[in-house]
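The values are calculated or read from the model by the stated rules, or taken from the named source; none is laboratory data. Since this is a predicted model, take the numbers as computed values, not measurements. Every residue, glycine as well, gets a Cβ built from its backbone with ideal geometry; the counts of neighbours run over all protein chains shown. Accessible surface areas use protein heavy atoms only, side chains included; no ligands, DNA or RNA. Shrake-Rupley method; radii C 1.70, N 1.55, O 1.52, S 1.80 Å.
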Amino acid sequence: MKVLVSIGTRPEFIKMVPVLRELKKRGVENHFLYTGQHRDLCRPLFDFFAIHPDTDLDIMKENQPIAHITSSILTRLGTVLDTVEPDIVIVHGDTSTTLASSLAAFYKKIPVAHVEAGLRSHDRYSPFPEEMNRVLTDRLASHHFAPTTLNRDNLLREGIDPATIFVTGNTVIDTVKLVAAKIKAEKKKQVLITAHRRENFGEPMEHICRAIAELARLFPDRAFLYPVHPNPNVRKTTDALLTGISNVRLVEPLDYIAFITEMASSELVLTDSGGIQEEAPAFGIPVVVMRRETERTEGVEAGTLILAGTAQSDIIAAAKRLLTDSAYYASFANATNPYGDGHAAERIVQKLFEISF
Ligand code: UD1
Ligand code: UDP
(Lines give C-alpha, C1' and ligand atoms only; values in the text may rest on other atoms or scores of the structure.)
(Ligands and ions follow the chains in the order given, each with its own letter.)
Protein backbone atom coordinates (compact mmCIF):
# COMPACT_ATOMS: atom_id res chain seq x y z
CA MET A 1 0.00 0.00 0.00
CA LYS A 2 1.34 3.42 -1.00
CA VAL A 3 -0.42 6.45 0.49
CA LEU A 4 -0.17 10.18 0.00
CA VAL A 5 -1.19 12.31 2.98
CA SER A 6 -2.06 15.89 2.04
CA ILE A 7 -2.31 18.69 4.61
CA GLY A 8 -1.95 22.48 4.45
CA THR A 9 -2.85 24.17 7.73
CA ARG A 10 -1.88 24.07 11.40
CA PRO A 11 -4.91 22.09 12.64
CA GLU A 12 -4.69 19.55 9.83
CA PHE A 13 -1.09 18.81 10.73
CA ILE A 14 -1.75 18.66 14.49
CA LYS A 15 -4.61 16.21 13.93
CA MET A 16 -2.72 14.12 11.35
CA VAL A 17 0.46 13.73 13.43
CA PRO A 18 -0.87 10.53 15.10
CA VAL A 19 -1.85 9.09 11.69
CA LEU A 20 1.55 9.96 10.19
CA ARG A 21 3.29 8.35 13.17
CA GLU A 22 1.11 5.23 12.97
CA LEU A 23 1.70 4.88 9.22
CA LYS A 24 5.43 5.02 9.89
CA LYS A 25 5.18 2.55 12.77
CA ARG A 26 3.29 0.06 10.57
CA GLY A 27 5.84 0.46 7.76
CA VAL A 28 3.43 1.98 5.22
CA GLU A 29 5.02 3.75 2.25
CA ASN A 30 3.82 7.35 2.60
CA HIS A 31 4.42 10.50 0.59
CA PHE A 32 3.74 13.42 2.96
CA LEU A 33 2.53 16.39 0.93
CA TYR A 34 2.22 19.88 2.39
CA THR A 35 0.35 22.42 0.27
CA GLY A 36 1.94 25.33 2.16
CA GLN A 37 -1.48 26.98 2.75
CA HIS A 38 -0.12 28.07 6.16
CA ARG A 39 3.46 29.08 5.40
CA ASP A 40 4.39 30.19 8.92
CA LEU A 41 2.08 28.26 11.28
CA CYS A 42 3.13 24.75 10.21
CA ARG A 43 6.91 24.84 9.86
CA PRO A 44 7.72 25.06 13.61
CA LEU A 45 5.37 22.11 14.14
CA PHE A 46 7.22 19.98 11.60
CA ASP A 47 10.38 20.50 13.63
CA PHE A 48 8.65 19.88 16.94
CA PHE A 49 7.12 16.56 15.86
CA ALA A 50 10.16 15.72 13.67
CA ILE A 51 7.93 14.95 10.68
CA HIS A 52 8.85 16.85 7.51
CA PRO A 53 7.02 16.98 4.17
CA ASP A 54 8.33 15.19 1.11
CA THR A 55 6.78 17.90 -1.08
CA ASP A 56 5.86 21.52 -0.30
CA LEU A 57 3.57 23.13 -2.91
CA ASP A 58 4.30 26.53 -1.27
CA ILE A 59 1.03 28.16 -2.36
CA MET A 60 0.40 30.74 0.41
CA LYS A 61 -0.13 34.42 -0.48
CA GLU A 62 -0.77 37.34 1.86
CA ASN A 63 -4.54 37.69 2.49
CA GLN A 64 -5.26 34.91 0.01
CA PRO A 65 -8.70 34.49 -1.58
CA ILE A 66 -10.19 31.00 -1.18
CA ALA A 67 -10.16 30.53 -4.97
CA HIS A 68 -6.38 31.07 -4.98
CA ILE A 69 -5.88 28.21 -2.50
CA THR A 70 -8.20 25.80 -4.34
CA SER A 71 -6.99 26.52 -7.86
CA SER A 72 -3.26 26.45 -7.12
CA ILE A 73 -3.50 23.15 -5.22
CA LEU A 74 -5.68 21.56 -7.88
CA THR A 75 -3.12 22.21 -10.60
CA ARG A 76 0.07 21.56 -8.64
CA LEU A 77 -1.11 18.45 -6.78
CA GLY A 78 -2.24 16.87 -10.05
CA THR A 79 1.36 16.89 -11.26
CA VAL A 80 2.63 15.36 -8.00
CA LEU A 81 0.01 12.59 -8.17
CA ASP A 82 1.22 11.69 -11.66
CA THR A 83 4.74 11.24 -10.32
CA VAL A 84 4.02 9.61 -6.94
CA GLU A 85 1.12 7.37 -8.10
CA PRO A 86 -0.32 6.61 -4.64
CA ASP A 87 -2.97 3.92 -4.11
CA ILE A 88 -4.90 6.26 -1.85
CA VAL A 89 -4.89 9.95 -0.84
CA ILE A 90 -5.64 10.79 2.80
CA VAL A 91 -7.06 14.21 3.67
CA HIS A 92 -8.20 15.76 6.93
CA GLY A 93 -11.03 18.03 7.99
CA ASP A 94 -12.56 20.92 6.13
CA THR A 95 -10.04 23.40 4.79
CA SER A 96 -9.57 24.43 1.17
CA THR A 97 -6.50 22.15 1.13
CA THR A 98 -8.83 19.28 2.05
CA LEU A 99 -11.32 19.92 -0.73
CA ALA A 100 -8.75 20.74 -3.43
CA SER A 101 -6.65 17.66 -2.58
CA SER A 102 -9.72 15.42 -2.73
CA LEU A 103 -10.76 16.84 -6.09
CA ALA A 104 -7.23 16.53 -7.50
CA ALA A 105 -7.21 12.84 -6.46
CA PHE A 106 -10.69 12.29 -7.90
CA TYR A 107 -9.56 13.69 -11.26
CA LYS A 108 -6.83 11.01 -11.26
CA LYS A 109 -9.34 8.32 -10.15
CA ILE A 110 -7.35 7.77 -6.94
CA PRO A 111 -9.54 6.89 -3.93
CA VAL A 112 -9.69 9.41 -1.09
CA ALA A 113 -9.88 8.62 2.63
CA HIS A 114 -11.33 11.47 4.70
CA VAL A 115 -10.22 11.76 8.33
CA GLU A 116 -12.67 13.79 10.48
CA ALA A 117 -15.57 13.05 8.14
CA GLY A 118 -19.20 13.87 8.78
CA LEU A 119 -19.00 17.08 10.85
CA ARG A 120 -21.91 19.34 9.95
CA SER A 121 -23.27 22.66 11.16
CA HIS A 122 -26.10 22.34 8.59
CA ASP A 123 -25.56 25.98 7.55
CA ARG A 124 -23.78 26.21 4.20
CA TYR A 125 -22.32 29.67 4.96
CA SER A 126 -21.18 29.01 8.53
CA PRO A 127 -18.43 28.10 9.03
CA PHE A 128 -17.50 29.49 5.62
CA PRO A 129 -16.23 27.87 3.46
CA GLU A 130 -15.63 24.87 5.76
CA GLU A 131 -19.19 23.52 5.86
CA MET A 132 -19.31 23.15 2.07
CA ASN A 133 -15.72 21.84 2.02
CA ARG A 134 -16.86 19.02 4.34
CA VAL A 135 -19.95 18.14 2.32
CA LEU A 136 -18.06 18.07 -0.99
CA THR A 137 -15.07 16.19 0.43
CA ASP A 138 -17.33 13.51 1.88
CA ARG A 139 -19.05 13.16 -1.50
CA LEU A 140 -15.65 12.79 -3.23
CA ALA A 141 -14.20 10.40 -0.62
CA SER A 142 -14.36 6.59 -0.86
CA HIS A 143 -13.61 6.01 2.85
CA HIS A 144 -14.95 8.08 5.76
CA PHE A 145 -13.31 8.14 9.20
CA ALA A 146 -15.98 9.74 11.39
CA PRO A 147 -14.92 10.87 14.90
CA THR A 148 -18.34 10.24 16.52
CA THR A 149 -21.60 8.39 15.90
CA LEU A 150 -23.31 11.75 15.33
CA ASN A 151 -20.84 12.39 12.47
CA ARG A 152 -21.62 8.91 11.07
CA ASP A 153 -25.37 9.66 11.21
CA ASN A 154 -24.83 12.93 9.30
CA LEU A 155 -23.13 10.95 6.52
CA LEU A 156 -25.86 8.30 6.44
CA ARG A 157 -28.50 11.03 6.09
CA GLU A 158 -26.66 12.26 2.99
CA GLY A 159 -26.82 8.79 1.41
CA ILE A 160 -23.16 7.85 1.96
CA ASP A 161 -22.66 4.06 1.78
CA PRO A 162 -22.55 2.74 5.40
CA ALA A 163 -19.84 0.23 4.41
CA THR A 164 -17.46 3.17 3.82
CA ILE A 165 -17.95 4.80 7.26
CA PHE A 166 -15.84 3.94 10.33
CA VAL A 167 -16.27 5.62 13.73
CA THR A 168 -12.79 6.17 15.16
CA GLY A 169 -12.78 9.00 17.73
CA ASN A 170 -10.99 12.25 16.91
CA THR A 171 -7.23 12.08 16.37
CA VAL A 172 -6.93 15.44 18.18
CA ILE A 173 -7.23 13.50 21.44
CA ASP A 174 -4.35 11.21 20.37
CA THR A 175 -2.18 14.31 19.84
CA VAL A 176 -3.24 16.01 23.07
CA LYS A 177 -2.40 12.87 25.04
CA LEU A 178 0.99 12.78 23.36
CA VAL A 179 1.88 16.32 24.44
CA ALA A 180 0.03 16.29 27.79
CA ALA A 181 2.67 13.86 29.05
CA LYS A 182 5.37 16.45 28.26
CA ILE A 183 3.92 19.60 29.80
CA LYS A 184 3.83 21.04 33.30
CA ALA A 185 0.75 23.19 33.76
CA GLU A 186 0.20 25.37 36.81
CA LYS A 187 -3.21 26.91 37.23
CA LYS A 188 -3.33 30.70 36.68
CA LYS A 189 -6.12 33.25 36.80
CA GLN A 190 -6.04 33.33 33.02
CA VAL A 191 -8.50 33.37 30.13
CA LEU A 192 -7.13 32.09 26.80
CA ILE A 193 -8.60 33.46 23.58
CA THR A 194 -8.38 32.69 19.85
CA ALA A 195 -10.52 33.80 16.90
CA HIS A 196 -9.94 33.50 13.17
CA ARG A 197 -13.06 32.34 11.27
CA ARG A 198 -13.79 34.06 7.96
CA GLU A 199 -17.53 34.46 8.70
CA ASN A 200 -16.58 36.42 11.85
CA PHE A 201 -14.51 39.06 10.01
CA GLY A 202 -15.84 42.61 10.43
CA GLU A 203 -18.74 43.15 12.81
CA PRO A 204 -18.69 39.80 14.73
CA MET A 205 -14.94 40.19 15.28
CA GLU A 206 -15.57 43.71 16.65
CA HIS A 207 -18.17 42.28 19.05
CA ILE A 208 -15.70 39.59 20.13
CA CYS A 209 -12.99 42.18 20.83
CA ARG A 210 -15.35 44.55 22.66
CA ALA A 211 -16.55 41.64 24.81
CA ILE A 212 -12.93 40.80 25.72
CA ALA A 213 -12.22 44.45 26.57
CA GLU A 214 -15.29 44.58 28.81
CA LEU A 215 -14.44 41.27 30.51
CA ALA A 216 -10.92 42.56 31.15
CA ARG A 217 -12.48 45.62 32.84
CA LEU A 218 -14.92 43.51 34.90
CA PHE A 219 -12.20 41.03 35.97
CA PRO A 220 -9.05 43.08 36.60
CA ASP A 221 -7.45 40.16 38.52
CA ARG A 222 -7.59 37.93 35.41
CA ALA A 223 -4.99 37.89 32.63
CA PHE A 224 -6.47 37.63 29.11
CA LEU A 225 -3.98 35.93 26.81
CA TYR A 226 -4.75 36.18 23.10
CA PRO A 227 -2.42 34.57 20.51
CA VAL A 228 -3.52 36.39 17.35
CA HIS A 229 -3.90 34.57 14.02
CA PRO A 230 -1.63 36.11 11.31
CA ASN A 231 -4.56 36.86 8.97
CA PRO A 232 -4.55 40.67 8.42
CA ASN A 233 -8.39 40.71 8.68
CA VAL A 234 -8.09 39.45 12.25
CA ARG A 235 -5.14 41.66 13.22
CA LYS A 236 -6.65 44.96 12.13
CA THR A 237 -9.55 44.47 14.58
CA THR A 238 -7.54 43.10 17.52
CA ASP A 239 -4.94 45.87 17.12
CA ALA A 240 -7.63 48.57 16.95
CA LEU A 241 -9.74 47.37 19.89
CA LEU A 242 -7.47 45.50 22.29
CA THR A 243 -4.13 47.28 22.43
CA GLY A 244 -3.24 49.26 25.55
CA ILE A 245 -5.44 47.26 27.98
CA SER A 246 -3.16 46.29 30.87
CA ASN A 247 -4.57 42.78 31.49
CA VAL A 248 -5.02 41.84 27.80
CA ARG A 249 -1.89 40.42 26.16
CA LEU A 250 -1.92 40.10 22.37
CA VAL A 251 0.86 37.74 21.29
CA GLU A 252 2.06 35.96 18.15
CA PRO A 253 0.67 32.42 17.60
CA LEU A 254 2.24 30.06 20.12
CA ASP A 255 3.95 26.83 19.20
CA TYR A 256 1.76 23.83 19.99
CA ILE A 257 3.37 22.77 23.25
CA ALA A 258 3.35 26.35 24.58
CA PHE A 259 -0.27 26.75 23.52
CA ILE A 260 -1.38 23.51 25.18
CA THR A 261 0.54 24.46 28.32
CA GLU A 262 -1.23 27.85 28.45
CA MET A 263 -4.55 26.12 27.79
CA ALA A 264 -4.08 23.60 30.58
CA SER A 265 -3.05 26.46 32.93
CA SER A 266 -6.11 28.60 32.11
CA GLU A 267 -9.46 28.88 33.85
CA LEU A 268 -11.45 29.44 30.70
CA VAL A 269 -11.12 29.44 26.91
CA LEU A 270 -12.97 31.77 24.54
CA THR A 271 -12.68 30.69 20.90
CA ASP A 272 -14.19 30.31 17.46
CA SER A 273 -11.74 27.50 16.63
CA GLY A 274 -12.85 23.97 15.82
CA GLY A 275 -10.00 21.97 17.32
CA ILE A 276 -9.84 23.96 20.54
CA GLN A 277 -13.45 22.96 21.28
CA GLU A 278 -12.19 19.38 21.42
CA GLU A 279 -8.83 19.97 23.16
CA ALA A 280 -9.74 22.25 26.08
CA PRO A 281 -12.30 19.81 27.59
CA ALA A 282 -9.54 17.17 27.61
CA PHE A 283 -8.01 19.33 30.39
CA GLY A 284 -11.34 20.09 32.09
CA ILE A 285 -11.32 23.67 30.80
CA PRO A 286 -14.76 25.11 29.91
CA VAL A 287 -15.06 26.65 26.44
CA VAL A 288 -17.19 29.61 25.36
CA VAL A 289 -17.69 29.16 21.60
CA MET A 290 -17.89 32.55 19.91
CA ARG A 291 -19.86 31.40 16.86
CA ARG A 292 -23.48 31.30 15.72
CA GLU A 293 -23.34 27.52 15.27
CA THR A 294 -21.10 24.59 16.04
CA GLU A 295 -20.61 21.24 14.34
CA ARG A 296 -19.34 20.04 17.74
CA THR A 297 -22.81 19.68 19.29
CA GLU A 298 -21.67 16.59 21.23
CA GLY A 299 -19.68 19.01 23.42
CA VAL A 300 -22.69 21.25 24.01
CA GLU A 301 -24.75 18.21 25.03
CA ALA A 302 -21.97 16.78 27.20
CA GLY A 303 -21.70 20.16 28.98
CA THR A 304 -18.12 20.97 27.96
CA LEU A 305 -18.98 23.88 25.60
CA ILE A 306 -21.28 26.90 25.68
CA LEU A 307 -22.40 28.07 22.26
CA ALA A 308 -22.58 31.80 22.99
CA GLY A 309 -22.94 33.35 19.52
CA THR A 310 -21.02 36.46 18.56
CA ALA A 311 -23.08 39.19 20.24
CA GLN A 312 -20.95 41.13 22.72
CA SER A 313 -23.53 40.82 25.53
CA ASP A 314 -23.90 37.03 25.07
CA ILE A 315 -20.15 36.40 25.17
CA ILE A 316 -19.83 38.54 28.30
CA ALA A 317 -22.78 36.79 30.00
CA ALA A 318 -21.43 33.28 29.29
CA ALA A 319 -17.88 34.08 30.45
CA LYS A 320 -19.08 36.07 33.49
CA ARG A 321 -21.20 33.18 34.77
CA LEU A 322 -18.34 30.70 34.40
CA LEU A 323 -15.94 33.05 36.20
CA THR A 324 -18.27 33.81 39.11
CA ASP A 325 -20.48 30.73 39.70
CA SER A 326 -18.23 27.96 41.02
CA ALA A 327 -20.87 25.19 40.99
CA TYR A 328 -21.72 26.02 37.38
CA TYR A 329 -18.01 26.08 36.51
CA ALA A 330 -17.48 22.68 38.18
CA SER A 331 -20.20 21.08 36.09
CA PHE A 332 -18.21 22.03 32.94
CA ALA A 333 -14.83 21.13 34.40
CA ASN A 334 -16.07 17.66 35.42
CA ALA A 335 -18.04 16.82 32.25
CA THR A 336 -16.72 13.98 30.08
CA ASN A 337 -15.10 14.97 26.80
CA PRO A 338 -16.97 13.12 24.02
CA TYR A 339 -14.25 13.21 21.35
CA GLY A 340 -12.35 9.98 21.82
CA ASP A 341 -9.99 7.79 23.80
CA GLY A 342 -6.65 8.62 22.17
CA HIS A 343 -6.55 5.57 19.87
CA ALA A 344 -8.21 7.01 16.75
CA ALA A 345 -5.10 6.85 14.55
CA GLU A 346 -4.55 3.15 15.30
CA ARG A 347 -8.12 2.41 14.20
CA ILE A 348 -7.71 4.49 11.04
CA VAL A 349 -4.48 2.83 9.93
CA GLN A 350 -5.77 -0.65 10.82
CA LYS A 351 -8.81 0.01 8.62
CA LEU A 352 -6.57 1.13 5.75
CA PHE A 353 -4.90 -2.30 5.88
CA GLU A 354 -8.32 -3.96 5.62
CA ILE A 355 -9.29 -1.94 2.53
CA SER A 356 -8.27 -3.78 -0.60
CA PHE A 357 -6.80 -1.76 -3.44
C1 UD1 B 1 -7.61 28.29 7.30
C2 UD1 B 1 -8.77 27.41 6.88
C3 UD1 B 1 -9.69 27.18 8.06
C4 UD1 B 1 -8.94 26.66 9.28
C5 UD1 B 1 -7.78 27.59 9.57
C6 UD1 B 1 -6.94 27.02 10.71
C7 UD1 B 1 -9.58 27.66 4.55
C8 UD1 B 1 -10.38 28.45 3.61
N9 UD1 B 1 -9.53 28.11 5.82
O10 UD1 B 1 -8.12 29.56 7.63
O11 UD1 B 1 -10.67 26.23 7.70
O12 UD1 B 1 -9.79 26.62 10.38
O13 UD1 B 1 -6.96 27.70 8.40
O14 UD1 B 1 -6.11 27.96 11.25
O15 UD1 B 1 -9.00 26.66 4.18
N16 UD1 B 1 -1.25 33.64 7.20
C17 UD1 B 1 0.11 33.84 7.36
N18 UD1 B 1 0.89 32.78 7.74
C19 UD1 B 1 0.38 31.54 7.96
C20 UD1 B 1 -1.00 31.34 7.82
C21 UD1 B 1 -1.80 32.39 7.43
O22 UD1 B 1 0.60 34.95 7.16
O23 UD1 B 1 1.13 30.63 8.30
C24 UD1 B 1 -2.09 34.78 6.79
C25 UD1 B 1 -1.91 35.06 5.29
O26 UD1 B 1 -2.08 36.42 5.04
C27 UD1 B 1 -3.06 34.25 4.68
C28 UD1 B 1 -4.14 34.50 5.73
O29 UD1 B 1 -3.47 34.45 7.00
O30 UD1 B 1 -3.41 34.70 3.39
C31 UD1 B 1 -5.30 33.52 5.71
O32 UD1 B 1 -4.85 32.18 5.68
P33 UD1 B 1 -5.86 31.05 5.11
O34 UD1 B 1 -5.20 29.72 5.20
O35 UD1 B 1 -6.40 31.47 3.80
O36 UD1 B 1 -7.08 31.13 6.10
P37 UD1 B 1 -7.22 30.84 7.66
O38 UD1 B 1 -8.09 31.91 8.21
O39 UD1 B 1 -5.91 30.58 8.27
N1 UDP C 1 -2.92 26.36 18.32
C2 UDP C 1 -1.54 26.54 18.50
N3 UDP C 1 -1.07 27.80 18.76
C4 UDP C 1 -1.89 28.88 18.85
C5 UDP C 1 -3.29 28.69 18.65
C6 UDP C 1 -3.76 27.42 18.38
O7 UDP C 1 -0.78 25.58 18.43
O8 UDP C 1 -1.42 29.98 19.11
C9 UDP C 1 -3.44 25.01 18.00
C10 UDP C 1 -4.55 24.52 18.88
O11 UDP C 1 -4.05 23.80 20.00
C12 UDP C 1 -5.35 23.61 17.95
C13 UDP C 1 -5.14 24.23 16.60
O14 UDP C 1 -3.99 25.07 16.69
O15 UDP C 1 -4.83 22.30 17.90
C16 UDP C 1 -6.36 25.00 16.21
O17 UDP C 1 -6.11 25.72 15.07
P18 UDP C 1 -7.08 26.83 14.53
O19 UDP C 1 -7.88 27.43 15.63
O20 UDP C 1 -6.24 27.74 13.72
O21 UDP C 1 -7.99 26.02 13.53
P22 UDP C 1 -9.36 25.23 13.63
O23 UDP C 1 -9.25 24.22 14.72
O24 UDP C 1 -10.43 26.24 13.87
O25 UDP C 1 -9.53 24.61 12.28
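Give me D for the stretch 116-274 in µm² s⁻¹, whole number, from Stokes-Einstein with Rh from the Kirkwood sum over alpha-carbon pairs, 10 °C and 1.306 mPa s.
On the way: Rh = 17.8 Å.
For these conditions, the coefficient is 89 µm²/s.
How many angstrom separate the Cα center of the stretch 152-191 from the Cα center of the stretch 263-301?
12
Give me the distance in nm between label points sitting 7 Å out from Cα along the Cα-to-Cβ direction at Leu218 and Lys188, one decimal.
2.2
Just to confirm the number: angle between the C-alpha axis of helix 39-49 and the first principal axis of the chain, 0 to 90 degrees, nearest 10?
Here the helix axis deviates by roughly 80 degrees.
Could you work out the relative contact order of the chain, using alpha carbon pairs under 8 angstrom and six or more residues apart, expressed as a whole percent?
On the way: 693 pairs, mean separation 55.3, N = 357.
Over the chain, the number comes to 15 percent.
To the nearest 10 degrees, how steep is helix 10-25 against the longest Cα principal axis of the chain, on a 0 to 90 scale?
50
Sort Tyr125, Tyr34, Tyr328 from largest to smallest accessible area, using a 1.4 Å probe on the heavy atoms of the protein chains.
Numbers: Tyr125 140, Tyr34 0, Tyr328 55 Å².
Descending accessible area places them as Tyr125, Tyr328, Tyr34.
Percent of accessible area on the chain owned by carbon and sulfur, 1.4 Å probe? Mind showing how you got there, number by number?
On the way: 7480 of 14490 Å².
Accessible surface attributable to carbon and sulfur in the chain totals 52 percent.
Roughly what angle does helix 96-107 make with the longest principal axis of the chain, taking Cα atoms, 0 to 90 degrees, to the nearest 10?
10
Can you list residues from other chains, or at least 5 along the same chain, whose modelled amide H is less than 5 Å from the amide H of Phe128?
Under 5 Å from the amide H of Phe128: Arg198, Glu199.
May I ask you to list the residues of the stretch 43-70 whose amide nitrogen lies under 19 Å from a point 7 Å from Cα along the Cα→beta-carbon direction of Thr79?
53-61, 68-70
Sort the following peptides by mean Cβ neighbour count (other Cβ atoms within 10 Å, averaged over residues), highest first: 171-177, 184-190.
Values: 171-177: 25.0, 184-190: 11.9.
The peptides rank, most packed first, as 171-177, 184-190.
Using per-residue counts of other Cβ atoms within 10 Å, averaged over each peptide, order 64-77, 38-51, 10-23 from highest down. Don't jump to the answer; show the numbers that get you there.
On the way: 64-77: 17.4, 38-51: 15.6, 10-23: 23.6.
Top of the packing list down: 10-23, 64-77, 38-51.
Once the Cβ-Cβ distance between Leu250 and Phe353 is put in as r, and R0 is 45 Å, what FRET efficiency do you end up with, to the nearest 0.05? Can you show the working numbers first?
Working: r = 46 Å, r/R0 = 1.03.
So, using R0 = 45 Å, E works out to roughly 0.45.
Evaluated at 4 °C with a viscosity of 1.567 mPa s, what Stokes-Einstein diffusion coefficient in µm²/s does the stretch 107-163 have when Rh comes from the Kirkwood expression over alpha-carbon pairs?
Numbers: Rh = 11.5 Å.
Estimated diffusion coefficient is 113 µm²/s.
To one decimal place, what Kirkwood hydrodynamic radius in Å is obtained for the stretch 159-224 from all pairs of distinct Cα atoms?
Details: mean 1/r = 0.0617 Å⁻¹.
Here the Kirkwood hydrodynamic radius works out to 16.2 Å.
Please compute the modelled spin-label separation between Ala240 and Arg139, points set 7 Å along Cα→Cβ, answer in nm with one decimal.
The modelled label-to-label distance comes out at 3.7 nm.
Mind checking which lysines have their Cα closer than 28 Å to the Cα of Lys182? Skip sequence neighbours fewer than 8 apart in that chain.
The qualifying lysines are Lys15, Lys24, Lys25.
For the chain, what is the accessible area per residue in Å² when the probe is 1.4 Å? Don't skip to the answer; put the middle values down first.
Values: 14490 Å² over 357 residues.
In whole numbers, the chain has 41 Å² accessible per residue.
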